[in-house]
Amino acid sequence: FYMSANLPIGSVENASRFSELSKVNKHRRFVDLFIREFDWLQDIDVEVHAGAPALFATIKGSGRKIPLPNVSAGINRIISIMLMIATAQKSVVLVDEIENGIYHSHMPSIWKTIISLLDEYESQLFATTHSLECLQSLTRVMPRKGPEVVLFQADRGVDDGAVIRTLKAKTFIAGIEHGEDFR
């Protein structure tokens, strides 16, 4: 799966993935994981909007369901990433600028949920970021044992050639804790 930095995943695609989870009775757990982060949401369902299926969110205290993209572009982005992971065992998910649209205070728990899903579905995530807060949030929730987290840092080398440095979890965490800027 690939998610561009600036192009959102379409409502039909998200609704289709959610429907696949529903068909195998895995949607309830998925919704519970999602609304744990956004506790002002009550539920998520697939509804038909303008003739096409879309994800709708029920907001606590409201009697109406609202199309998820209308709630927040960041929330729509997060659910797209989570659905990519949850609908395909042993998948590879590529996300450009993973932090786009996500409020910084949500980053640690979103990383925790994503890592949990990656582990459960035996999948891999390759994500780019320009956000130091995003990297710092990741180091706060990275498992010390279990799924491996590796940072690939691209930099200019001698004569404008590219240099790719690989930092394993221990080195990456230590660098962030000591103020290293890996962006």
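Write down, largest first, the equivalent ellipsoid semi-axes of the chain in whole Å, where each equals the square root of 5 times an eigenvalue of the alpha-carbon gyration tensor.
Numbers: eigenvalues 203, 55, 51 Å².
Computed over the chain, the values are 32, 17, 16 Å.
Just to confirm, what accessible area per residue do you get for the chain at 1.4 Å probe, in whole Å²?
Values: 10310 Å² over 183 residues.
Here the per-residue accessible area is 56 Å².
Per 10 Å bin, what is the whole-percent P(r) computed from every C-alpha pair distance within the stretch 1-68?
With 10 Å bins starting at 0, P(r) equals 20, 47, 31, 1.
Please state the relative contact order of the chain as a whole percent: Cα pairs under 8 Å, 6+ residues apart? If you can, show how the numbers build up before the last one.
Details: 258 pairs, mean separation 31.7, N = 183.
For the chain, the relative contact order is 17 percent.
Step through the table entries Lys65/Lys90; Lys26/Lys170; Lys112/Lys170; Lys26/Lys112, compare each Cα-Cα distance with 26 Å, and write down the pairs that go over it.
On the way: Lys65/Lys90 33 Å; Lys26/Lys170 34 Å; Lys112/Lys170 17 Å; Lys26/Lys112 19 Å.
Over 26 Å Cα-Cα: Lys65/Lys90; Lys26/Lys170.
Determine, for each peptide in 91-102, 160-171, 46-57, the mean count of other beta carbons within 10 angstrom over its residues, then list the peptides with the highest first.
Details: 91-102: 18.8, 160-171: 11.1, 46-57: 15.8.
So the peptides 91-102, 160-171, 46-57, ranked by packing, come out 91-102, 46-57, 160-171.
Please compute one quarter of the surface area of the Cα convex hull for the stretch 36-105 and express it in square nanometres.
Values: hull surface 23.6 nm².
Orientation-averaged projected area of the Cα hull: 5.9 nm².
Give me, ordered by chain and number, the residues 5 or more places off His49 or on other chains with an amide H under 5 Å from its own placed amide H.
Ala54
What size of dipole, in debye to the nearest 20, comes out for the stretch 67-130 about its Cα centre when the only charges are +1 on Lys and Arg C-beta atoms and -1 on Asp and Glu C-beta atoms?
Details: 3 positive and 6 negative charges, 24 e Å.
With Lys and Arg at +1 and Asp and Glu at -1, about 120 debye.
Can you tell me the dipole magnitude for the chain around its Cα centre, using point charges on the Cβ only (Lys, Arg +1; Asp, Glu -1), in Debye to the nearest 20? Display every interim value, and only then the final one.
On the way: 20 positive and 22 negative charges, 121 e Å.
Roughly 580 debye for the chain.
Pop out the carbon and sulfur fraction of the accessible area of the stretch 82-170 as a percent, whole number, probe 1.4 Å. Could the numbers behind the result be given before it?
Working: 2680 of 5170 Å².
Carbon and sulfur: 52 percent of the exposed surface of the stretch 82-170.
Once Rh is set to the Kirkwood radius over Cα pairs, what Stokes-Einstein translational diffusion coefficient, in µm²/s, holds for the stretch 51-159 at a temperature of 20 °C and a viscosity of 1.002 mPa s? Kindly include the intermediate steps, with their values, before the conclusion.
Numbers: Rh = 15.6 Å.
It comes out at roughly 137 µm²/s.
How many percent of DSSP beta bridges within the chain run antiparallel, rounded to 5?
Values: 18 of 24 bridges.
That works out to approximately 75 percent antiparallel.
The values are calculated or read from the model by the stated rules, or taken from the named source; none is laboratory data. It should be emphasised that the depicted structure is a prediction, and the values quoted were computed from it without experimental measurement. Every residue, glycine as well, gets a Cβ built from its backbone with ideal geometry; the counts of neighbours run over all protein chains shown. We work out accessible area using only protein heavy atoms, side chains counted, and drop any ligands, DNA or RNA first. Shrake-Rupley method; radii C 1.70, N 1.55, O 1.52, S 1.80 Å.
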